[in-house]
Amino acid sequence: MSAVDPETVLPVEPTSRPAERSRLRRIAAALRNFARRAPLSAFWGCVAAAIVVMAIAAPLIAPYEPLKSDFRHMAKPPDATHFFGTDQIGRDTLSRVIHGSRTSLTIAIAAVLFGTTLGALWGLASGYFGGRFDIVSQRIIEFLQSFPDLILAMAIAMALGAGLGTVIVAIAITRIPFGGRVIRAVVLSLKEMSYVEAARGLGASHLRMMARHILPQCVAPYLILATTHLGVAIIIEASLGFLGVGIPPPTPTWGNMLADSLNAGLVPPWWLVLFPGLAITITVLAFNLLGDGIRDILDPRLRGAV
Amino acid sequence: MYTYIVRRLAFGAVTVVGVSIVVFMVLRVLPGDQLVAVFGPEGYTKLSDAERAGYMAQLGLSDPLVVQYLHWIRDIATGSLGRSFFRAESVAEMIARRGPLTAEIALISVVLSWVVGIPVAVVSALRPNSIADNISRFVSILFLAVPGFWLGMLIVLGLLFTFGYRAPLAGASLFQDPIANLQIVIGPAIVLGLGQAAYIARMARSSLLEVIREDYVRTARAKGLSGRLVIGWHALPNALLPVITLSGILLGFVLAGSIPVERAFGTPGLGYAMFTAVSERDVFVMQNLVFLYAIVFVMLNIAVDVTIAWIDPRIRYR
């Protein structure tokens, strides 16, 4: 395979390279456009990206081991060696907050990828086919929505026992109805469009219709939905951790750290409360504002719908 | 109107039966042995097989699932709701003792969310994209991102450090000791109310901006009415319809949100009982409380739908 005659490759190169370059340029232009039209969202988008990088590179950034106790520095307030202080068994709070972003983001992203996507595909199918399938789907979705999402997630997480997979499943299930409802509504309005009817008239199969003509139009609402729901998923994960049905300790998660601070004594040290919560707030805020910006640019009509 | 209400109630009843089955299935059929929860993993291994069987029978856990389910339904019908693994009190007594606190918190928080959210939305909508509008939008987005329980912990800490004050931890009834009761309830209500106010303000703002563009609002302006009168008298009532729906849904979410918030404040309400049940893996209490929350949630949704249909005939006749 490696011995390719350069002369057969050469004629191909000039056509493929500019295509690639122009795609890069298009993406760069789109990003510039985004930054110009929604500077606030672009800024918070950068914050979100920074948090994702922090989660990936956590072991490189964190000044200490998140699980290692230093018994000479127990329950110390923030100082020059431990910027965010230490907890009651001498673990560095800053390192734990940094490592906590890993769990939070992993769970939130996985839950949204499974839950919102499954819901979206379900909504796509139920909106497209309509009829009895749609009616049954709508009832199931309404039924799922008859539990407040935190309670549903708590019951599932408690029944399945604590663990990473469980928490992801528990949060993902609560995300299904939202994806289903929004995408179904989009599909219902698309179905009446004349280009879709034209494709049907040309004899396109159901699969081709959905994949080729309807799906691309659902990408924008899906992206908006997914970004916003990342924030919701992070808050649910933190609440589960706080209530003791999330990831079991000693794994540092923001929710666990807040729960731990309550066990630190009669009065929780302020630095153990302030920093993990601040991390949750900033992360959720970043994703929400990024989602708002994406919505304003891609589809202003969805204001209020998502 | 009546057929609409009847139809909504019938669907609600079907949902409640379905909810009871799902709650039962999730908490009983899925893995996790109840005896491990009661005795702890170590205590459990020390029990002999005969003892295990005896305890299971005593708790009614060795019957076939259908029988267990019917027993539960019987318990619900007689109003005792079964017993906790760990406490002498029946679940019904616990709900009667702790429920009012949580209900108070929920109601005060809803009132608060309207009192804060609607004026903010009106100010925003009167001058869209002004400084006041941008500030209020950012603050409401900020409050969507702040976890209520964390805000609660900060408030508790702040009061403790600055005034050395802590709300009383023992339950107090509204009628016997109104002052202690208010001290317990006000913190969670403020936290949950501000969280809802953010949603209410956002919804009311966008709804108002839409209504303001309608012809009848322009007519009212053309008549020479003042801006305030146009907004307050003509635009606001129509703009509030989606806000009422949202507020009903939010009330359901407040009930769930009160679980971590009550834990943060140490409020002796139902939410705290739910937290205790979860950490003790007390399946009986958990199943009843989840069911109770789901029923309240379903009934709230029905109440909201009926209210909207009553206010807006367009929905009733659809």
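Rule-based calculations on the coordinates, nothing more; no lab input. Please read all numbers here as calculations on a predicted model, not as lab measurements. With ideal geometry, Cβ positions are generated from the backbone for all residues, glycine too; neighbour counts draw on all protein chains shown.
Dipole size of the stretch A:53-305 about its Cα centre, with +1 on Lys/Arg Cβ and -1 on Asp/Glu Cβ: approximately 620 debye, rounded to the nearest 20. Using the Cβ-Cβ distance between A:A75 and B:A50 with R0 set to 56 Å, the FRET efficiency works out to roughly 0.70. Shape class of chain A from the Cα gyration tensor (axes a ≥ b ≥ c, square roots of the eigenvalues): oblate, since a/c reaches 1.5 or more and a/b does not exceed b/c. Between A:L188 and B:V306, the simple label model (points 7 Å from Cα in the Cβ direction) yields a spacing of 2.5 nm.
Qualifying trypsin sites (Lys or Arg not before Pro) in the stretch A:101-163, where qualification requires a DSSP coil assignment and no more than 15 other C-beta atoms within 10 Å, are lacking entirely.
Among the residues of B:15-22, the average count of other protein chain beta-carbon atoms within 10 Å of the residue beta-carbon is 2. Compute the Cα gyration tensor for the protein assembly as shown, then decide on rounded, prolate or oblate, letting a ≥ b ≥ c be the square roots of its eigenvalues: rounded whenever a/c is under 1.5, prolate when a/b is larger than b/c in the other cases, and oblate in all that remain. In terms of gyration-tensor shape, rounded.
Between B:V67 and B:V111, the FRET efficiency estimated from the beta carbon spacing at R0 = 51 angstrom works out to 0.65.
Averaged over the residues of peptide A:155-162, the number of Cβ atoms from other protein chains lying within 10 Å of each residue's Cβ is 6.
Available extension along the chain between A:L118 and A:A220 is 35.1 nm, counting 0.36 nm per residue and deducting the alpha carbon span. Here the residues B:Y293, B:Y4, B:Y272, B:Y216, ranked from fewest to most Cβ neighbours within 10 Å of their Cβ, fall in the order B:Y216, B:Y4, B:Y272, B:Y293. Partner shielding of B:256-264 amounts to 5, given as the average count of beta-carbon atoms from other chains within 10 Å of each residue beta-carbon.
Placing +1 on the Cβ of every Lys and Arg and -1 on the Cβ of every Asp and Glu, with nothing else charged, gives the stretch B:93-311 a dipole about its Cα centre of roughly 700 debye.
Here the Kirkwood formula puts the hydrodynamic radius of the stretch A:90-195 at 15.3 Å, using every distinct Cα pair.
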